[in-house]
Amino acid sequence: MKKHVVLYKKLSAPLMARLHEAATVTLIESLDATGLAQLREALPTAHGLLGASLRLDAQLLDLAPRLEAVASVSVGVDNYDIDYLTQRGILLSNTPDVLTETTADTGFALILATARRVVELANMVRAGNWNQNIGPLHFGSDVHGKTLGIIGMGRIGEALAQRGHFGFGMPVIYHSHSPKPAVEQRFGAQYRSLPDLLQQADFVCLTLPLTAETQGLIGAREFALMGPETIFINISRGKVVDEAALVEALQQRTIRAAGLDVFEREPLNHDSPLLRLNNVVATPHIGSATHETREAMARCAVDNLLAALAGERPKNLVNPSVWKA
């Protein structure tokens, strides 16, 4: 008998065909109230779950007594109660690697857009307000040769460092749990304490996961350590930053500008003060949002799920203590 897989994310036709061949599939088309009700109805017989952008807590997972594996179409796993999944013996997998380069592209796009005021000045042209040669009032700042500070030197941090070092001749400084000798050798990067990085970097870029330790890591005290020409970039998770403190720093010009792909609450509230600031470039969490990368992420998740349901170890296992070889 085929096992039952519940999808709460639409997949391409080839990937759907693979799942239908291996399992009985229930597709939840949307995570609105109707879709969530359908999900709850399907959970009691589910052996596997696959999706993204849904908080899977113990209360919801208690409805799935047969559950063996959860495949997340994401790198971040802050939507999952990992301790509870591990306690239940449920395998959790994610999709690292395949989105590294695309997300780093997004990060560097935000660096360039904020430094050169691309969105602000493009909107000025679109509004018909370009009436004379651009003067100092609308000047941006150079990116090449400036100091790139990266907080969180994982895969995406390394890819960002590569772009800055080789593409723009940027000195790279970084902060992470521990020094990374390979990164230092490859990019000439130098390890810094968090306060030193905040004081020395021209661009402060967050590429670290959301955990209990990193939530609220950057707040009023940290923004005060930055200089008035510092540009702040966040492509990690919104809750790593105290958003009210960020707004205050931008309004008071404690820092120069911010490029943000993630926010404390998503979608961003329409009345957010961030939307009224010309020194903010805000994008709708597009870090991995290309056709190629999203398909690769979904393919990776399907591979992980089918391996787990077949009694094999998924390639990208988040809670390896569950695995019994």
Quiz prompt | Out of 178, 193, sole residue that is modelled with pLDDT under 95, within 26 Å of residue 167 (Cα to Cα) and not charged (D, E, K, R) | solution = 178
Quiz item: Out of 15, 39, which single residue is in contact with a helix residue (DSSP H, G or I) (Cβ under 9 Å, 6 or more places away or on another chain), within 24 Å of residue 57 (Cα to Cα) and buried (at least 18 other Cβ atoms within 10 Å of the Cβ)?
Solution: 39
Practice problem: Return yes or no: is residue 253 without any contact (Cβ under 8 Å) to a residue 40 or more places away in the chain, basic (Lys, Arg) and either surrounded by 15 or more Cβ atoms within 10 Å (Cβ to Cβ) or more than 27 Å from residue 159 (Cβ to Cβ) (or both)? | Solution: yes
Exercise. Mind listing whichever residues of region 56-80 are part of a loop (DSSP other than H, G, I, E, B), closer than 25 Å to residue 12 by Cβ and touching a strand residue (DSSP E or B) at 6+ places or on another chain (Cβ under 8 Å)?
Key: 67, 68, 73, 77, 79
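For every residue, the table says whether it meets (1) in contact with a Leu (Cβ under 8 Å, 6 or more places away or on another chain); (2) within 28 Å of residue 53 (Cα to Cα).
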| site | (1), (2) |
| --- | --- |
| 87 | no, yes |
| 92 | yes, yes |
| 100 | no, yes |
| 104 | yes, yes |
| 108 | yes, yes |
| 121 | no, no |
| 126 | no, no |
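Tell me which residues, restricted to region 81-91, are assigned to a helix (DSSP H, G or I) and either buried (at least 22 other Cβ atoms within 10 Å of the Cβ) or among the acidic types (Asp, Glu) (or both). Talk me through it step by step, then tell me what you get.
Step one: filter region 81-91 for residues assigned to a helix (DSSP H, G or I), giving 82-88.
Within region 81-91, 83, 85 meet the criteria.
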Quiz item: Has region 94-106 got at least one residue that is small (Gly, Ala, Ser), under 30 Å from residue 315 (Cβ atoms) and touching a strand residue (DSSP E or B) at 6+ places or on another chain (Cβ under 8 Å)?
Solution: no
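The values are calculated or read from the model by the stated rules, or taken from the named source; none is laboratory data. Keep in mind that this is a model prediction, so the values were computed, not measured. Ideal geometry is used to build each Cβ from the backbone, glycine not excepted, and the neighbour counts take in all protein chains shown.
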